[in-house]
Every structure is written in structure tokens, then in C-alpha cells.
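See structure below.
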Amino acid sequence: MFYREDRLAVMIDGVNLNGMLRALDFEIDFKALRDEFARRGRMTRISYHTPLPETDEHLPVRPLLDWLDYNGYTVVTRPAREYEDASGRRRLKGSANTSLVVDALDLSPHIDHLVLISGDGDFVPLVESLKRKGIRVTVISTIKSSPPMASDDLRRAADHFVDLDGWKEAIRKHRDAHRSVA
């Protein structure tokens, strides 16, 4: 599935990854994740895409985004809008999916293999487009959660599907590890 000579790009849907990690009940060591892909191919880019509210600078995710940015990840944020739902709770609405798709298509002439860390079925057209260009696509998500986080259509569209649960030991954050957690 991975060939050492491949020019590899890794695109992470941050919201979807965080949902997977909660469902699988583990924290990820992003240094170990980056190193795992660097061993598997010639990494062109590893990027983390996430929506952020524009108003609050003291977000819990900010230290993670700063760490990623300083440690080889391309961090792409999109504005999220805050609103009140019908029950009066504050909610966020936003997506970084479009920026992830545009980045993947922009990189497509320079890669052989794209790894998409997401289970969102909205990415099926991206996967199909990349495959038409001769780019292999691996989707990493999980079907071990209840309900499964990986869209069945996305799994079928990809060349390969990897369950994140199977990578737990290689990329799990250990208590004594440095601060690179989600």
C-alpha cells in the first residue's frame, strides 16, 4: 500500500480526527504520526485542517495548532461562526473541508499517494478525482467505533482503507511523552 519512493501527502480533517480519537478513547502523539508517514514515503506535506472561531484567542486547541505549525505540519484554519441552538447552548458552525480539497487538488501534480485522515463521505468526489489523475488514495478512519466513523462510500472509493484503531500502539501518546496531543 505504501511505497518508499512515493511522493506522499497527508491531509488531516482535524474535526473528524478528534471525533475518532474520542470514539476510540486514546490520545495521539503527532510527532509519532508524522514520523510514521515519513518512514513510509517521501513526504511532500502533512497538513491539519480545522475550523476556528474568530473571536477567541484562548482556545484549548491553540497549543496543539502552534505545536503542529512549529513541527513540520501545515496548519490550515477556516473561520467558524458561533451561534445559539434552539435550547440556548452555544455551538460552532464551520468546516475546513473545502480548503482540504483545494490543497489536495493543488498538490496533485506533485504527489503519487494521498493519505486522507477522515471518514467524511463528503470527500468521495475528491478521492474519485485524484484516482482519475493516477494518484493512489488511502483513507484512515475507523469502523471500530459505535457508530462507525468511516463513511462506507468513502471506504469503497479509496484504494486502501486503514483503521486508525490498528495504529494505536504506533501513534498513541504515552503519559511521559512530550506535549503533542489532541
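In this structure the amide hydrogen of Ile46, modeled in the peptide plane, comes within under 5 Å of the amide hydrogens of Val10, Thr74, none closer than 5 places in sequence on its chain. Taken over the chain, lysine pairs spaced eight or more positions apart, or on distinct chains, with alpha carbons under 20 Å apart number 4. Exposure here means at most 14 other Cβ atoms within 10 Å; with trypsin sites (Lys or Arg not before Pro) in a DSSP loop as sites, the longest stretch of the chain lacking them is 5-88.
Positive end of the dipole of the chain (Cβ unit charges, origin at the Cα centre): among Tyr3, Leu64, Leu164, the Cα lying farthest that way belongs to Tyr3.
Springs between alpha-carbon pairs under 10 angstrom, Gaussian network model over the chain: which of Val127, Val15, Val115 fluctuates most? Per the Cα network of the chain with a 10 Å cutoff, Val15 tops the list. For the stretch 147-173, the residues whose amide N sits under 17 Å from a probe point set 7 Å from the Cα of Asn71 along the beta carbon direction are 168-173. Considering only beta bridges that DSSP places wholly inside the chain, some 15 percent are antiparallel.
Between Asp85, Asp66, Asp25, the Gaussian network model of the chain with springs among Cα atoms under 10 angstrom shows the greatest mean-square fluctuation at Asp85.
May I ask for the longest run of the chain untouched by GluC sites (Glu not before Pro) that are loop-located per DSSP and have at most 14 neighbouring C-beta atoms (other than their own) within 10 Å? Longest gap between qualifying sites, sites excluded: 58-182. Taking a ≥ b ≥ c as the square roots of the eigenvalues of the alpha-carbon gyration tensor, the stretch 65-182 is classed rounded because a/c is under 1.5.
Every number in this text was worked out from the coordinates using simple rules, so none of it is lab data. On a predicted model such as this, the values are computed, not experimentally measured, just so you know. We place every Cβ from the backbone using ideal geometry, glycine too, and count neighbours over all the protein chains shown.
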